[in-house]
Amino acid sequence: MLSAAPTNKASGTIDMLDLAADRTDRRIIQVSHSPDELLLTWDDGRFSRFHALWLRDNCPCPSCRHPQALERTYKFIDHPAAKIATASLGASGELSVEFASTEGRHASSFSTGWLHRHCYSEAARYERVKRPRLWDRAASCDLPVVDFADYMNTDHGLRAWLEALCSWGIVLMRNAPAEPGKLLEIGRRVGPIRATNFGEYYDVVSMPNPNASAYTAMELELHTDLANWRWPPDYQLLFCVRNDAVGGGSILADGFRVAEDLRRDDPESFDLLSRYPVEFRFHDESCDISASAPTIGLDGDGRLRSVRFNNWLRSTLDVPADVVAPLYRALGRFWERLRDPSYHLTIRLRAGEMLAYSNHRVLHGRESFDPSTGGRHLQGCYITHDDVMSRLRSMDRRS
Ligand code: OGA
Ligand code: ZN
Ligand code: ZN
């Protein structure tokens with residue numbers, strides 16, 4: 001069957017059956033191919049090499065992608081391998097490719113912007129990696145701050161808040177009405193609230209029979225929340241309704257900064273913390289939730305993915321006998337660093353202020369407080385990274 005992708009008349013580019021238009025100022029100046037590979041030269045001297053099977057799999061024509069759902073209908077496993085028969089540039093710079101296989105011929109068109117955006121050369125893939133902006137106490141004076149009204153009412157306020165969360169892993173919001181429940185409105189502007197065994201949100205107040213350390217007036221050392229869950233919530237929102245008691249200041253640290261320093265100074269501890277799991281458990285009258293994971297989570301390329309640390313939820317280590325002592329030592333090394341004030345961002349939340357931070361990266365804690373000197377009422381809830389990214393991508397479509 002021979003079918004080309006539809007042209008999007010408005011933009012003059014090939015419609016890649018995507019809601020977001022891929023734009024680039026770069027132009028393709030040369031196309032060459034073998035049966036198995038296509039080589040593009042761009043006007044900035046860069047090259048893109050695409051495999052025939054990859055291109056064929058990504059054909060955006062209506063018989064390969066559902067034209068309304070925009071989802072893939074082509075199943076590469078059901079087709080014989082396609083070779084590139086011809087490849088050339090069309091009038092508006094798009095790439096036309098004709099594939100040949102024992103099934104016959106198939107024509108595909110790819111837009112320049114899409115090809116540029118999906119280039120998988122080493123250089124392009126390196127450039128696409130989003131690197132976190134690591135911070136310590138010295139950098140904490142630059143902590144991003146977003147105004148509540150800007151966030152609630154404008155795209156740029158929302159974007160500033162989301163982007164800060166992605167790169168710094170933390171953002172402070174100011175000037176919200178200091179009303180209970182406000183944090184849910186703030187969270188829902190991004191997406192659904194992630195509920196836990198503590199409910200959709202929880203009140204951080206000291207109470208007579210606490211089922212969690214947070215509900216006391218005790219100091220809380222730096223920790224990540226819900227470390228006892230297989231996948232702890234991605235972001236925590238901590239909203240201050242009232243903070244009049246003596247004490248109760250907040251302390252935060254960039255776990256990625258601490259982990260990177262550990263990797264540099266003590267690679268053996270870093271390696272143990274990234275390889276061996278630690279058990280965590282929370283149990284009360286109504287639930288018993290337990291999970292284990294390494295303190296430092298890495299992706300396939302060795303980049304930091306997550307930090308999980310919470311001493312009061314930590315349960316009983318279960319590792320090979322010869323790992324017990326080295327793992328305790330490594331955990332201690334990491335913990336000592338967490339206590340080093342040169343990593344600490346300290347802030348005393350005022351009524352109507354809210355901190356949001358990545359619960360897989362930023363550790364939070366608080367000083368003890370004296371409930372007899374005044375009220376302290378914080379509220380907490382959680383939101384999900386996929387919703388954060390979805391909001392950002394959806395805004396990109398309109399800009
Ligand atoms: C929490 C917590 C900090 C605070 O509720 O998870 O760590 O400042 N609270 O009370
Ligand atoms: Zn097709
Ligand atoms: Zn906490």
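The values are calculated or read from the model by the stated rules, or taken from the named source; none is laboratory data. Since the model is a prediction, treat every value here as computed from it, not as a measurement. Please note: Cβ atoms are built from the backbone with ideal geometry, for glycine as well, and neighbour counts cover all protein chains shown. Just the protein is used for accessible areas: all its heavy atoms, side chains included, with ligands, DNA and RNA removed. Shrake-Rupley method; radii C 1.70, N 1.55, O 1.52, S 1.80 Å.
Annotations for the structure displayed:
- Scanning the stretch 22-37 finds no residues that are under 28 Å from Arg391 (Cβ atoms), in a strand (DSSP E or B) and either hydroxyl-bearing (Ser, Thr, Tyr) or at pLDDT 95 or above (or both).
- Only one of Pro67, Pro60, Pro80 that is under 24 Å from Ser121 (Cβ atoms), assigned by TED's automatic domain parsing to the domain that holds Asp18 and either more than 16 Å from ligand 3 (Cβ to nearest atom) or at pLDDT 95 or above (or both): Pro60
- Test: residue in the stretch 292-312 that is assigned to a helix (DSSP H, G or I), closer than 30 Å to Arg131 by Cα and within 27 Å of the chain's Cα centre (by Cα): no
- One residue alone among Thr41, Thr86 is open to solvent by less than 60 Å² (accessible area, probe 1.4 Å), free of Cβ contacts under 8 Å to residues at least 60 places away in the same chain, outside any helix (DSSP H, G or I) and hydroxyl-bearing (Ser, Thr, Tyr), and that residue is Thr41.
A quick yes/no check of all residues on (1) over 19 Å from Ser206 (Cα atoms); (2) more than 16 Å from ligand 2 (Cβ to nearest atom); (3) open to solvent by 20 Å² or more (accessible area, probe 1.4 Å); (4) modelled with pLDDT under 95:
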{"site": "Arg333", "(1), (2), (3), (4)": "yes, yes, yes, no"}
{"site": "Glu336", "(1), (2), (3), (4)": "yes, yes, yes, no"}
{"site": "Arg339", "(1), (2), (3), (4)": "yes, yes, yes, no"}
{"site": "Leu345", "(1), (2), (3), (4)": "yes, yes, no, no"}
{"site": "Arg348", "(1), (2), (3), (4)": "no, yes, yes, no"}
{"site": "Gly352", "(1), (2), (3), (4)": "yes, yes, no, no"}
{"site": "Ser358", "(1), (2), (3), (4)": "yes, yes, no, no"}
{"site": "Val362", "(1), (2), (3), (4)": "yes, yes, no, no"}
{"site": "His377", "(1), (2), (3), (4)": "no, yes, yes, no"}
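- Residues of the stretch 105-128 satisfying the condition of being assigned to a helix (DSSP H, G or I) and in contact with a Ser or Thr (Cβ under 8 Å, 6 or more places away or on another chain): Thr112, Gly113, Leu115, His116, Arg117, Ala124
- Test: residue in the stretch 89-104 that is away from ligand 1 (no atom under 16 Å from the Cβ), touching a strand residue (DSSP E or B) at 6+ places or on another chain (Cβ under 8 Å), farther than 17 Å from Leu38 by Cβ and not in a helix (DSSP H, G or I): yes
- Residue match in the stretch 373-392 (condition: assigned by TED's automatic domain parsing to the domain that holds Asp244, away from ligand 1 (no atom under 16 Å from the Cβ) and not in a helix (DSSP H, G or I)): yes
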